[in-house]
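J.: My questions will all concern the structure given below.
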Amino acid sequence: MSRFWSTKVNELTPYVPGEQPKVSNLIKLNTNENPYGPSPKVLEALKAEAADTLRLYPDPNSEQLKKAVADYYDVTQAHVFVGNGSDEVLAHTFQGLLKQDKPLLFPDITYSFYPVYCGLYDIEYQTQPLTDSFEIDLSSYPTENGGIIFPNPNAPTGRVLALSEIESLLKQNTHSVVVVDEAYIDFGGESAVPLVKQYPNLLVIQTLSKSRSLAGLRVGFAVGSPELIEGLERVKNSFNSYPLDRFAISGSVAALKDQAYFQQTCAAIINSRNTLVEHLNQMQFNVLPSATNFVFAEHPEQCATDLAAKLRERSIIVRHFKQERIKNFLRITVGTEEECQTLVNALKEILT
Ligand SMILES: *Cc1c(COP(=O)(O)O)cnc(C)c1O
């Protein structure tokens, strides 16, 4: 609290990101980063960008990047919005599209940044409970709403919805904006992007932080009807004309074009995830079905806080949440094959 802060700032409860440790000898399985580096073509593009041209502002409209996303998803550039990480795209979406007279709806267990944006922008919201098996049940979402947002696959559960369930919601819910946050879609879900041409109220948000190994570059984008995109552009142009710098634009374009590297690294992660889940099941963990680059698991006899502490003593960091319904779960990012093996060995040692 400070008397120099505005009332608003005194009332905020900011988001707390997962730890980025200062020491480098830890196995970091706590923030869902990709264990593989970005495509070599990205690194080349970034080197080429380190030039005299840095004295010039970047393209305020990031046209090259919008074109790369448009080509990738077979939409027009008018269907694409880009931002400084999908967190920024989400922030503009909350402010520009989801602040309405009726409450915004999202799951009770979900990305914990959503209620933070609601606090920042004074958006009224209602959470909708996940089912007993931790699934989003869109058919139970009230038709009276000022918007709906959920990640697919959901975080931190990792569970995915079929596209048909999202389409059923869109058929019912035509009067307010539906946002699908697809941060993890490339690890096992089906993107809702092909539906944007049919449903003008659908906005799909993605990031290059996870499946494209570029968390450090800060690039996210949204695909939706030109009407929704224009709303986001109005917010962006009232906030920061140059959210993406020259490196972010060039690097992300190169990443989107290197389809082979992307497919190879996603496949490797999915492979490691499947092996990790088998090992966790053998150790009696209850593991939710994951369509992401992390697993969400609880042990029937060990409390999650203790497990996380014991893993940390062995230089492995994982994420743990305090919310009542999920307080006995650990969220573990899928690392390289070798990191997963080290984790499994550590857990075996702790459990015996
Ligand atoms: C990681 C994540 C984001 C944020 O991604 P950035 O592009 O790095 O800001 C958004 N939504 C969900 C559900 C995430 O897990």
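The values are calculated or read from the model by the stated rules, or taken from the named source; none is laboratory data. All of these numbers come straight from a predicted model, not from anything done at the bench. Here Cβ is always computed from backbone atoms with ideal geometry, including for glycine, and neighbour counts include all displayed protein chains. Keep in mind that these areas ignore ligands, DNA and RNA; they rest on the heavy atoms of the full protein, side chains included. Shrake-Rupley method; radii C 1.70, N 1.55, O 1.52, S 1.80 Å.
J.: Within segment 124-132, is even one residue within 23 Å of residue 208 (Cα to Cα), assigned to a loop (DSSP other than H, G, I, E, B) and open to solvent by less than 40 Å² (accessible area, probe 1.4 Å)?
T.: no
J.: Quick check, is residue 233 in the same structural domain as residue 59 (by TED's automatic domain parsing), out of contact with any helix residue (DSSP H, G or I) (no Cβ under 8 Å at 6 or more places or on another chain) and at pLDDT 95 or above? Working first, answer last.
T.: Values: in the same structural domain as residue 59 (by TED's automatic domain parsing): yes; out of contact with any helix residue (DSSP H, G or I) (no Cβ under 8 Å at 6 or more places or on another chain): yes; at pLDDT 95 or above: yes.
Spelling it out, residue 233 is indeed in the same structural domain as residue 59 (by TED's automatic domain parsing), out of contact with any helix residue (DSSP H, G or I) (no Cβ under 8 Å at 6 or more places or on another chain) and at pLDDT 95 or above.
J.: Evaluate the following for residue 136: is it buried (at least 24 other Cβ atoms within 10 Å of the Cβ) and either in the same structural domain as residue 18 (by TED's automatic domain parsing) or in a loop (DSSP other than H, G, I, E, B) (or both)?
T.: On the way: buried (at least 24 other Cβ atoms within 10 Å of the Cβ): yes; either in the same structural domain as residue 18 (by TED's automatic domain parsing) or in a loop (DSSP other than H, G, I, E, B) (or both): yes.
When the stated conditions are applied, residue 136 passes them.
J.: A further question on this structure: Answer yes or no as to whether residue 186 is surrounded by 16 or more Cβ atoms within 10 Å (Cβ to Cβ) and touching a residue at least 24 places away in the same chain (Cβ under 8 Å). Please lay out each step first, then the result.
T.: Values: surrounded by 16 or more Cβ atoms within 10 Å (Cβ to Cβ): yes; touching a residue at least 24 places away in the same chain (Cβ under 8 Å): yes.
So residue 186 fits the description; yes.
J.: Go through segment 157-193 and report how many residues are outside any loop (DSSP other than H, G, I, E, B) and over 23 Å from residue 88 (Cα atoms).
T.: Residues of segment 157-193 outside any loop (DSSP other than H, G, I, E, B): 163-172, 178-181, 185-187, 193.
When the remaining residues are screened for being over 23 Å from residue 88 (Cα atoms), the result is 163-172.
So the count comes out to 10.
J.: With (1) in contact with an Asp or Glu (Cβ under 8 Å, 6 or more places away or on another chain); (2) farther than 20 Å from residue 211 by Cα; (3) surrounded by 19 or more Cβ atoms within 10 Å (Cβ to Cβ) as the list, and residue 86 as the residue in question, which single condition is left unmet?
T.: Exception for residue 86: condition (2).
J.: Give the residue, chosen from 248, 291, 267, 254, that is among the aliphatic types (A, V, I, L, M), surrounded by fewer than 18 Cβ atoms within 10 Å (Cβ to Cβ) and not in a strand (DSSP E or B).
T.: Within the list 248, 291, 267, 254, the selection yields 267.
J.: Something else: Just the residues that are away from the ligand (no atom under 16 Å from the Cβ), more than 19 Å from the chain's Cα centre (by Cα) and not in a loop (DSSP other than H, G, I, E, B), please, taken from segment 198-245.
T.: 226, 227, 228, 229, 230, 231, 233, 234, 235
J.: Here's another thing I want to ask about it. Name the single residue that is nearest to residue 242 (Cα to Cα) among those in segment 69-118 being in a strand (DSSP E or B) and within 12 Å of the ligand (Cβ to nearest atom).
T.: 83
J.: Go through the residues of segment 157-180 one by one and say whether even a single one is under 21 Å from residue 13 (Cα atoms), buried (at least 19 other Cβ atoms within 10 Å of the Cβ) and touching a residue at least 24 places away in the same chain (Cβ under 8 Å).
T.: The initial filter retains those residues of segment 157-180 that are under 21 Å from residue 13 (Cα atoms), namely none.
No, because not a single residue in segment 157-180 is under 21 Å from residue 13 (Cα atoms), buried (at least 19 other Cβ atoms within 10 Å of the Cβ) and touching a residue at least 24 places away in the same chain (Cβ under 8 Å).
J.: Residue 212 - would you say it is closer than 21 Å to residue 42 by Cβ, buried (at least 23 other Cβ atoms within 10 Å of the Cβ) and assigned by TED's automatic domain parsing to the domain that holds residue 174?
T.: yes
J.: Among the numbered criteria (1) in a loop (DSSP other than H, G, I, E, B); (2) modelled with pLDDT of 95 or more, which one does residue 322 miss?
T.: (2)
J.: Any residue at all in segment 300-321 that is farther than 30 Å from residue 108 by Cα and among the hydrophobic types (A, V, I, L, M, F, W, C)?
T.: No, segment 300-321 contains no residue that is farther than 30 Å from residue 108 by Cα and among the hydrophobic types (A, V, I, L, M, F, W, C).
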